[in-house]
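Participant: After the structure tokens below, expect a handful of questions from me.
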Amino acid sequence: MRVNLTKVVRCMVLVLLLIIFCNVLTFVYGPQSGLQGIHLPPGPLAEIFGGHLRQPETKPFVKLKSTETCKDLEMKTFVEPAVFQTIGVNNDSFVYSAFLEDSSIRIIGLRQVSNVNVHCQIWYADVKEDPLVIGDVHAEFIPEDHGRKYTSTFFLCKIPAKHPNGTPFAVSVVKNACDQPLNIMLVRHPGTVTLDFTLCVSPLNYRYSRAYELVEMIEMNKMLGAQKLIFYNHSTGSNVDKVLDFYSLKGEIEVVPWHLPVKTDTWPPTGDPEIHYFGQLSALNDCLYRYKNRSHYLVYTDLDEFIIPRQHRSWNEMMADSEKAQKDLAYAQAQCVFFRKEWLKPPEQYQTAALKYNSVVLKHTLRETYTFPHGSRSKYVINPSRVKTVGVHNVWSFSGGATLLPPSTALLHHYRNWEKPDDPQPKEEDLTAVNKYGDELVRRLNSVWSFLSHVPLDINISSYGPFVS
């Protein structure tokens, strides 16, 4: 039998080119690429990523120099995502993000519970005169600091009227007006409302690794009406990172880095943290201002919670009726009920899926009969244009009216492990979520996990070492 060497060589070359092509696709379209906005042709890639990827994030180098206000003082920075930056060398205060308002710049950060006298340096990139102006800063505590060393804080930087036609580009907070700054933040400008409902989630922590919970949480909230979900990432496991990459590439979530510069909670506990629960209040309020001019409503719940309408199928229908009753509605608050995870009762038709995907919604249809009053463990939906400050369970500063949703309209389903499993709390069956969303939830879980079949549903926290934060 004679072998045609030319054909063999051609076949080998074709195989080699195919391997190279596949690797290029993996690199270009994989999570590590950071690509956004690129349209994909019909096919498997388009199906996975929703037909598009994000375009490359540009990080230009920017340099400005003051000619009069603080002569020869320079501002130079790469355009980077927000990170915590210190104000002074003694690390008594930190800043994270900056948002342009009518006559001020609202800066979100942390500070010790003491008076801080600071100034702000405001830089303009679109003026011919000196690009620097100095503003006064007023600091406002955000409630619920729980007596920790650091508290979540608004630094309000008043904009002088020096450049009425200019637009603030960047801002620094300094102890003395002309100090060389130790921080620099790009000023985020108001956007255009393109979203109906955006969900804000407290920081992921303790190397969060419950991928099964995260996928179900995202899909359930999408069914309820969420078009975008915002996650603040303090620490996550490798399996959850893959889930976040999957949804990020589809453009359905935003992951905000949240690496705190102070001592946080650990598991097991290793002493008192310096900030309450991973700077939760700063994250929640950052989400408020990040999406204030981009989303009609913001929804605030945790990973194990869902605001479930009782009379409606979606948040959109529920809020439309709420706004008819309250024309200047600032927020609507739902009362909390506990679905305890030790009480297992999946409906027969969902048992297979419930066990396969460890679905908290499908497995747990028994809840306590007790309903917490409004303001205690509550969560809420807000109109961000009417809200200035949010808390964990309450809205602290707003203009307009508030609606306290009765249990007949909506309940916050909180699926949680109970510290006292033998607690004789009365229970009742509640099939509202399962009856409304069960079939669609199963379909979605089947679909997502077919793409993420290589991702572990969970990783034991002990695998990360003796302590995690």
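Participant: Sort 282-290, 99-107 for me by packing, meaning the mean count of neighbouring Cβ atoms within 10 Å per residue, highest on top. Kindly include the intermediate steps, with their values, before the conclusion.
Facilitator: On the way: 282-290: 24.2, 99-107: 17.9.
Output ranking for 282-290, 99-107: 282-290, 99-107.
Participant: Here is a follow-up. Calculate what fraction, in whole %, of the accessible area of the chain sits on carbon and sulfur atoms when a 1.4 Å probe is rolled over the protein chains. Don't jump to the answer; show the numbers that get you there.
Facilitator: Working: 11880 of 22030 Å².
With neighbouring chains kept in place, the figure for the chain is 54 percent.
Participant: Please identify the chymotrypsin sites (Phe, Trp or Tyr not before Pro) of region 317-417 that satisfy two criteria: DSSP loop assignment and at most 13 other Cβ atoms within 10 Å. Which are they? Could the numbers behind the result be given before it?
Facilitator: On the way: sites: Y331, F338, F339, W343, Y350, Y357, Y370, Y380, W396, F398, Y415; in loops: W343, Y357, Y370.
Here the sparse-neighbourhood loop sites are Y370.
Participant: Along the charge dipole of the chain, which of N90, L303, Q335 sits closest to the positive end, that is, farthest toward it, with unit charges on the beta carbon of Lys, Arg, Asp and Glu (+1, +1, -1, -1)?
Facilitator: Selected residue: L303.
Participant: From the helices alone, meaning DSSP H stretches of at least four residues, give me the mean residue ellipticity at 222 nm for the chain, per-run term -39500 (n - 2.57), in deg cm²/dmol to the nearest 500. All intermediate terms of the calculation are to be shown ahead of the outcome.
Facilitator: Values: 9 runs with 109 residues, N = 469.
Dividing the helical sum by the residues of the chain leaves -7000 deg cm²/dmol.
Participant: Suppose every Lys and Arg Cβ carries +1 and every Asp and Glu Cβ carries -1, with no other charges. What dipole size does region 142-227 come out with about its Cα centre, to the nearest 20 debye?
Facilitator: Values: 9 positive and 7 negative charges, 86 e Å.
Rounded to the nearest 20 debye, it is 420 debye.
Participant: Could I ask something else about it? Quick one: go through region 139-156 and flag any residue whose amide nitrogen is under 12 Å from the point 7 Å out along the Cα-to-Cβ line of V116.
Facilitator: It comes to 139-142, 150-156, nothing else.
Participant: Hey, another quick one. Amide H to amide H under 5 Å from S97: which residues, 5+ apart in sequence or cross-chain, H placed 1.01 Å off N in plane?
Facilitator: It is I108, by chain and number.
Participant: Just going by the charge dipole of region 356-469, with Lys and Arg at +1 and Asp and Glu at -1 on Cβ, which of T365, L431, F451 is farthest out on the positive end?
Facilitator: Working it through, the farthest residue towards the positive pole turns out to be F451.
Participant: While we're looking at this one, here's another question. Compute and list, largest first, the equivalent-ellipsoid semi-axes of the chain from the alpha carbon gyration tensor, each √(5λ) rounded to a whole angstrom.
Facilitator: Working: eigenvalues 301, 236, 95 Å².
So the equivalent ellipsoid measures 39, 34, 22 Å along its semi-axes.
Participant: Quick one: Karplus J couplings for region 245-253, per residue in order, coefficients 6.51, -1.76, 1.60, θ = phi - 60°, nearest Hz, x for Gly and Pro?
Facilitator: Going residue by residue, I get 4, 4, 6, 5, 5, 7, x, 8, 9 Hz, with x marking Gly and Pro.
Participant: Tell me, what is the percent relative contact order of the chain, built from C-alpha pairs under 8 Å that lie six or more residues apart?
Facilitator: Numbers: 952 pairs, mean separation 65.4, N = 469.
Answer for the chain is 14 percent.
Participant: Enumerate the amide H contacts of T365 below 5 Å, restricted to partners 5 or more residues apart or on another chain; note that Pro and chain-start residues carry no placed amide H.
Facilitator: HN-HN under 5 Å from T365: K345.
Participant: Also, I was wondering about something else. Past the 27 Å Cα-Cα mark, which pairs from K162/K327; K65/K388; K292/K324? Display every interim value, and only then the final one.
Facilitator: Numbers: K162/K327 39 Å; K65/K388 34 Å; K292/K324 22 Å.
Result: K162/K327; K65/K388 exceed 27 Å.
Participant: So if I place +1 on the C-beta of Lys and Arg and -1 on the C-beta of Asp and Glu, and nothing else carries charge, what would the dipole magnitude of region 383-434 be about its Cα centre? I want it in debye, nearest 20.
Facilitator: 460
Participant: Of L411, L344, H119, which is farthest along the charge dipole of the chain in the positive direction, counting Lys and Arg as +1 and Asp and Glu as -1 at C-beta?
Facilitator: L344
Participant: Let me ask another. Placing unit charges on C-beta atoms (Lys and Arg positive, Asp and Glu negative, everything else neutral), compute the dipole magnitude of the chain about its Cα centre in debye, rounded to 20.
Facilitator: Numbers: 48 positive and 48 negative charges, 222 e Å.
With Lys and Arg at +1 and Asp and Glu at -1, about 1060 debye.
Participant: Continuing with this model, one more query. What share of the DSSP beta bridges in the chain is antiparallel, in percent to the nearest 5?
Facilitator: Values: 62 of 90 bridges.
Just about 70 percent of them are antiparallel.
The values are calculated or read from the model by the stated rules, or taken from the named source; none is laboratory data. Fair warning: this is a prediction, and the values are worked out from it, not measured in the lab. A quick note on method: Cβ atoms are made from the backbone with ideal geometry, for glycine too, and the neighbour counts reach across all protein chains shown. Surface areas here come from the heavy atoms of the whole protein model, side chains and all, with no ligands, DNA or RNA. Shrake-Rupley method; radii C 1.70, N 1.55, O 1.52, S 1.80 Å.
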